[in-house]
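Worksheet for the structure shown next.
Please treat every number below as a calculation from the coordinates, not as lab data. Predicted, not measured: the structure shown is a model, and the values here were computed from it. All Cβ positions, glycine included, derive from the backbone under ideal geometry; neighbour counts span all protein chains shown.
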Amino acid sequence: IKRLLERGAGGLAFTPKIKARAVGLFLSVFREQPPLRRLHTVLELLEAMAQKGGSKRLASDCFSTAGFPNDIDRMNRVLAHLEKRWDEDVRLEEVSKIAGMQSQSFSRFFRKKMGRTFQEYLIQWRLGQAARRLLAGRDGIGEIAFACGFNNLANFNRLFRARYGKAPREYRRELS
């Protein structure tokens, strides 16, 4: 099974026989079974997939995952920076440099890794912080918006309503 997982990093194509067996086992995992039986079925599935000669690598032999840990380090540096400076004017160019990438490359990288653009991520982070502050204290909505990095109250209200389905004032009133 260990060898299967190592080879799987480059993608694998399975023989029709292995595919049919694997699909049957995979579907049986979701049937009502005791947890121990489910675990046994998953191990059986992995064992079937690991059969010698049952698969071929999709990636060429020169494919390597050695660079992937670098992606994790890169993203950790960016997220640590955002955690410290989320309430300031954080620019794409600035975080691109922290990641050691050009802005366009970083945009693609971030979207691929996080499932949303850098700007969308930053806005969601800020809205989450604003929502916490709305519930935690008595600061004014404008004060919270500006403290959370929003420079325009109307824009903050629009984004907050889109995210939470209600205006910040309603959110505070209903959940406090």
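For the chain, the 222 nm mean residue ellipticity estimated from helices alone, with every DSSP H stretch of n ≥ 4 adding -39500 (n - 2.57) and the total spread over all residues, rounds to -21000 deg cm²/dmol.
When the Cα centres of the stretch 78-94 and the stretch 118-166 are compared, how far apart do they sit, in Å? Distance between centres, Cα-based: 16 Å. The calculated FRET efficiency for the pair E93 and L153, based on their C-beta separation and a Förster distance of 30 Å, comes to about 0.70. For the pair K112 and A136, the difference between a 0.36 nm per residue extended length and the Cα-Cα distance amounts to 5.2 nm. For D139, neighbours were defined as the other residues whose beta-carbon sits under 11 Å from its Cβ, and their charges (Lys and Arg +1, Asp and Glu -1) total +2.
Here the calculated FRET efficiency for E83 and K17, from their Cβ-Cβ distance with R0 = 45 Å, stands at 0.35, rounded to the nearest 0.05.
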